[in-house]
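Asker: Below you'll find the structure I mean.
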Amino acid sequence: QVQLLESGGGSVQAGGSLRLSCAASGSILGINASGWYRQAPGKERELVAIINRSGSITYVDSVKGRFTISRDDAKNTVYLQMNSLKIEDTAVYYCNVIKWGKTNWGQGTQVTVSS
């Protein structure tokens, strides 16, 4: 089982920025994809951004141009740089890593955007 340690959440005013980090235990061998999901109160969990083994990236439309996902293979860490944050970005953000075909979730980190 992969242990995922998330950090970087917090509170920020609209228009501000935050960077989330997710450090995975073990090696990068076998990792098929790494990504970020979020769940706002009363809503279903949704994909925010994902990067696969080849480096292909997908974003949900609502964050395109504002969020950037990246990874550092040497540190086995995936990042989510969030700029121009909006109130509707408020949610618990979860790191997700698929390794050897199994899905692993982080504990979640709260992001709160206020006006």
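Asker: Tell me which residues, restricted to region 80-98, are surrounded by fewer than 20 Cβ atoms within 10 Å (Cβ to Cβ) and either of a type in the set (Asp, Glu) or assigned to a strand (DSSP E or B) (or both). Before the answer, list the steps.
Answerer: First pass over region 80-98, keeping only residues surrounded by fewer than 20 Cβ atoms within 10 Å (Cβ to Cβ): 81, 83-84, 86-88, 90, 92, 98.
Result: Gln81, Glu88, Val92, Ile98.
Asker: Right, next: Just for region 61-77: of the residues that are in a loop (DSSP other than H, G, I, E, B) and open to solvent by less than 50 Å² (accessible area, probe 1.4 Å), which one is nearest to Ile51 (Cα to Cα)? Write out each step before concluding.
Answerer: As a first pass, look at region 61-77 and keep what is in a loop (DSSP other than H, G, I, E, B): 64-66, 73-76.
Next cut, open to solvent by less than 50 Å² (accessible area, probe 1.4 Å) only: 66, 76.
On the way: Arg66: 16, Asn76: 13 Å.
Top of the filtered list is Asn76.
Asker: Here's a follow-up. Are any residues in region 1-24 among the β-branched types (Val, Ile, Thr) and closer than 18 Å to Val113 by Cβ, and if so, which ones? If you could, list the steps in order and put the result at the bottom.
Answerer: As a first pass, look at region 1-24 and keep what is among the β-branched types (Val, Ile, Thr): 2, 12.
Listed by number, the list holds a single entry, Val12.
Asker: Now, a different point. Which one is surrounded by the most Cβ atoms within 10 Å (Cβ to Cβ) among residues in region 27-47 that are within 13 Å of Ala91 (Cβ to Cβ) and over 15 Å from the mean Cα position of the chain (by Cα)? Write out each step before concluding.
Answerer: Start the filter on region 27-47 by keeping residues that are within 13 Å of Ala91 (Cβ to Cβ), which leaves 36-47.
Okay, now just the ones that are also over 15 Å from the mean Cα position of the chain (by Cα), so 41-44.
Values: Pro41: 7, Gly42: 5, Lys43: 9, Glu44: 7.
Looking at residues that are within 13 Å of Ala91 (Cβ to Cβ) and over 15 Å from the mean Cα position of the chain (by Cα), I get Lys43.
Asker: Please go through (1) touching a residue at least 60 places away in the same chain (Cβ under 8 Å); (2) under 16 Å from Gly10 (Cβ atoms) for Thr90 and return the number of the only condition it doesn't satisfy.
Answerer: Failing condition for Thr90: (1).
Asker: Determine the pairs where a residue that is free of Cβ contacts under 8 Å to residues at least 60 places away in the same chain and part of a loop (DSSP other than H, G, I, E, B), located within region 45-56, has a partner that is of a type outside the set (Ser, Thr, Tyr) and surrounded by fewer than 19 Cβ atoms within 10 Å (Cβ to Cβ) with Cβ atoms under 6 Å apart, the partner being 6 or more residues away or on another chain.
Answerer: Sorted first by the residue in region 45-56, then by its partner, the pairs are Arg45/Gln39; Arg53/Asn32.
Asker: Sort out which residues of region 1-26 are over 14 Å from the mean Cα position of the chain (by Cα) and under 22 Å from Asn104 (Cβ atoms), and write them in order of number.
Answerer: Hits for region 1-26 are Gln1, Val2, Gln3, Ser25, Gly26.
The values are calculated or read from the model by the stated rules, or taken from the named source; none is laboratory data. Here the structure is a predicted model, which means the values were calculated and not measured. Using ideal geometry, Cβ is built from the backbone for each residue, glycine included, and neighbour counts are taken over all protein chains shown. Keep in mind that these areas ignore ligands, DNA and RNA; they rest on the heavy atoms of the full protein, side chains included. Shrake-Rupley method; radii C 1.70, N 1.55, O 1.52, S 1.80 Å.
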